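Chemist: Here's a structure for you.
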Amino acid sequence: MKILVCAGTYYFIKKGIKISATAYNLMHGKISLGCMRPYKIKDELDREVIKRNLVERIANPSPKVLKEFNLQLYDACCSLPEEYLNNFKIKRE
């Protein structure tokens, strides 16, 4: 993987992946990536957690990643209980 940004940004992506992996193990895969993540690392972090299957949901995914992975969209907060999620599914045309 190559990242053409500052070294500090690369550190935060690696840290985000490590934290996501730890949470995945502790929560048996039931975790969401919330909306409050730095825009600077959003594309790469979103892409990596999806590739590694570390999250069930991503709030406000990167537009590039949204297209790349053809993700299902919901008009809801990442903390919405799963049993209500289908009520907020966005139909694609």
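The values are calculated or read from the model by the stated rules, or taken from the named source; none is laboratory data. Computed from a predicted model, the values in this text were never measured in an experiment. Positions of Cβ are backbone-derived with ideal geometry, glycine not excepted, and every protein chain shown enters the neighbour counts. Just the protein is used for accessible areas: all its heavy atoms, side chains included, with ligands, DNA and RNA removed. Shrake-Rupley method; radii C 1.70, N 1.55, O 1.52, S 1.80 Å.
Chemist: Using 0.36 nm times the number of residues separating Tyr39 and Ala23, minus their current alpha carbon distance, what extension gain do you get?
Modeler: My answer for the length gained is 3.6 nm.
Chemist: If you take the square roots of the eigenvalues of the alpha-carbon gyration tensor of the range 15-55 and sort them as a ≥ b ≥ c, do you get rounded (a/c under 1.5), prolate (a/b over b/c) or oblate?
Modeler: Prolate, since a/c reaches 1.5 and a/b exceeds b/c.
Chemist: Which whole-Hz couplings ³J(HN,Hα) result when phi for each residue of the range 43-54 is put into the Karplus expression 6.51 cos²θ - 1.76 cosθ + 1.60, θ = phi - 60°, listed in order with x for Gly and Pro?
Modeler: 4, 5, 5, 4, 4, 5, 5, 6, 4, 8, 6, 8
Chemist: Another question about this same structure. Quick check: from the Cα gyration tensor, does the chain come out rounded (a/c under 1.5), prolate or oblate?
Modeler: oblate
Chemist: Over the chain, with every protein chain in place, what whole percent of the accessible area is carbon and sulfur at 1.4 Å, could you tell me?
Modeler: Taking all protein chains in place, the chain shows 56 percent carbon and sulfur surface.
Chemist: Mind putting a number on the dipole of the chain about its Cα centre? Charges go on the C-beta only, +1 for Lys and Arg and -1 for Asp and Glu, and I need it in Debye to the nearest 20.
Modeler: Dipole magnitude for the chain comes out near 360 debye.
Chemist: Still on this structure, please answer the following. Based solely on its DSSP helices, what 222 nm [θ] is calculated for the chain when runs of n ≥ 4 H residues each add -39,500 (n - 2.57) and the sum is averaged over all residues, nearest 500 deg cm²/dmol?
Modeler: -13500 deg cm²/dmol
Chemist: Over the chain, give the accessible area per residue in Å² for a 1.4 Å probe, as an integer.
Modeler: Roughly 75 Å² per residue, with all protein chains present.
Chemist: Sticking with this structure for a sec: Please list, in chain and number order, the residues 5+ apart from Tyr74 or on another chain whose amide H is under 5 Å from its amide H, with Hs placed from the backbone.
Modeler: Ile90
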